[in-house]
Amino acid sequence: MLRVATFNIRNGLGLDGRNAWPFRRATTARTIAALDADLVALQEVYGFQQRYLERRLSAYRFVGEGRTDGRRGERCPVLVHQDRAVVVAHRTVWFGATPDVPGTRLPGAGFPRIATMATVRLEPEGRLVQVTSTHLDEASEDRRRVAAAQLVEMLDPDLPQVLMGDLNADPTSEVIDVLADGGLVLVEPEGTTGTEHAFTGRTDRRRIDHVLVRGDVRVVDATVLTARLGCALPSDHWPVRAVLDVGDE
């Protein structure tokens, strides 16, 4: 069984008052650890947030680059549990005309948007899986659709796929349709729990954080995790966790 999770941890520069990063960072780290996932996709991670989490989540290797120029700006890192998987290759791509040029953005986008793609070897079986963490445009459905179509073209057709992230799109959106046209299947968590809650802790808002799979991957279980592991909320989103059965190569 392969356990995966996606979590938008909310960028650490947000003007969030009592929900600012210094007040919730310990809870964020505890929440990620409690997911007990083999592979984790994070979004909205600045370098200083990643460095904090790396110190407290030493079992994981973090891969991924900053969206601004490859070093600075928000990241969408993939976390790989080093006792359970090995990173074979990884790359960060930018949505737009020049996906391998740091800082590239789609026309009209307020920010560059990226995906971190990692090929990992699962231990001890040795199966290869490609896992992707992404965060799509916050303002434009058109740009989200373009990015989704571009992402489908970049995925390795020969490997099982696990695509995770904050897609800023509901399960019935055209963005999900584009990914489905590319063979990706949306994982449906149990119940109707939403994932974004704007630091309210509510569970009845939109579900915009998703896990999708393609290839020889069977969904065993999936859920939105709403447990509070400290006085502070860990983010303005709830994480999504899925248990997958990856078939033989």
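The values are calculated or read from the model by the stated rules, or taken from the named source; none is laboratory data. Note that the structure is predicted; figures quoted are calculated from it, not measured. Cβ atoms come from the backbone with ideal geometry, glycine included; neighbour counts cover every protein chain shown. Keep in mind that these areas ignore ligands, DNA and RNA; they rest on the heavy atoms of the full protein, side chains included. Shrake-Rupley method; radii C 1.70, N 1.55, O 1.52, S 1.80 Å.
Some observations on this one:
- Cleavage-rule hits, GluC sites (Glu not before Pro), segment 53-138, DSSP coil, Cβ neighbours within 10 Å at most 11: Glu125
- Measuring between their Cα centroids, segment 162-178 and segment 95-116 lie 18 Å from each other.
- The residue among Leu212, Cys231, Gly70 whose Cα reaches farthest toward the positive pole of the charge dipole of the chain, with charges on the beta-carbon of Lys, Arg, Asp and Glu, is Cys231.
- Viscosity 1.002 mPa s, 20 °C: Kirkwood-radius Stokes-Einstein D of segment 1-138 over Cα pairs, µm²/s: 139
- Bridges between two residues of segment 82-182, per DSSP, are antiparallel at a rate of about 75%.
- For the chain, DSSP calls about 80 percent of its internal beta bridges antiparallel.
- Mean-position separation - Cα centroids, segment 205-244 and segment 118-135, in angstrom: 18
- Taking every Cα-Cα distance in segment 177-239 and sorting them into 5 Å bins from zero, the calculated P(r) comes out as 4, 17, 24, 18, 17, 11, 6, 2, 0 percent.
- Per residue value of the accessible surface for the chain (all protein chains in place, 1.4 Å probe), Å²: 42
- Computed over segment 95-228, the alpha-carbon pair-distance distribution with 10 angstrom bins reads 12, 40, 34, 14, 0, each value a whole percent.
- Chain lengthening between Arg91 and Thr172 when straightened (0.36 nm per residue, less Cα-Cα): 26.2 nm
- The chain: calculated mean residue ellipticity at 222 nm from DSSP helix runs of at least 4, using -39500 (n - 2.57): -6000 deg cm²/dmol
- Sites Glu141 and Arg205 - FRET efficiency at Förster radius 22 Å, r taken between beta-carbons, to 0.05: 0.75
- Gain on full stretching of the segment that runs from Ala180 to Thr192 - 0.36 nm per residue minus C-alpha separation: 2.3 nm
- Gain on full extension, evaluated as 0.36 nm per residue between Ala20 and Arg228 minus their Cα-Cα distance, stands at 73.2 nm.
- For segment 1-20 versus segment 63-92, the gap between their alpha-carbon centres in whole angstrom: 16
- Among the GluC sites (Glu not before Pro) within segment 145-213, those in coil by DSSP and having at most 12 neighbouring Cβ atoms inside 10 Å are Glu190.
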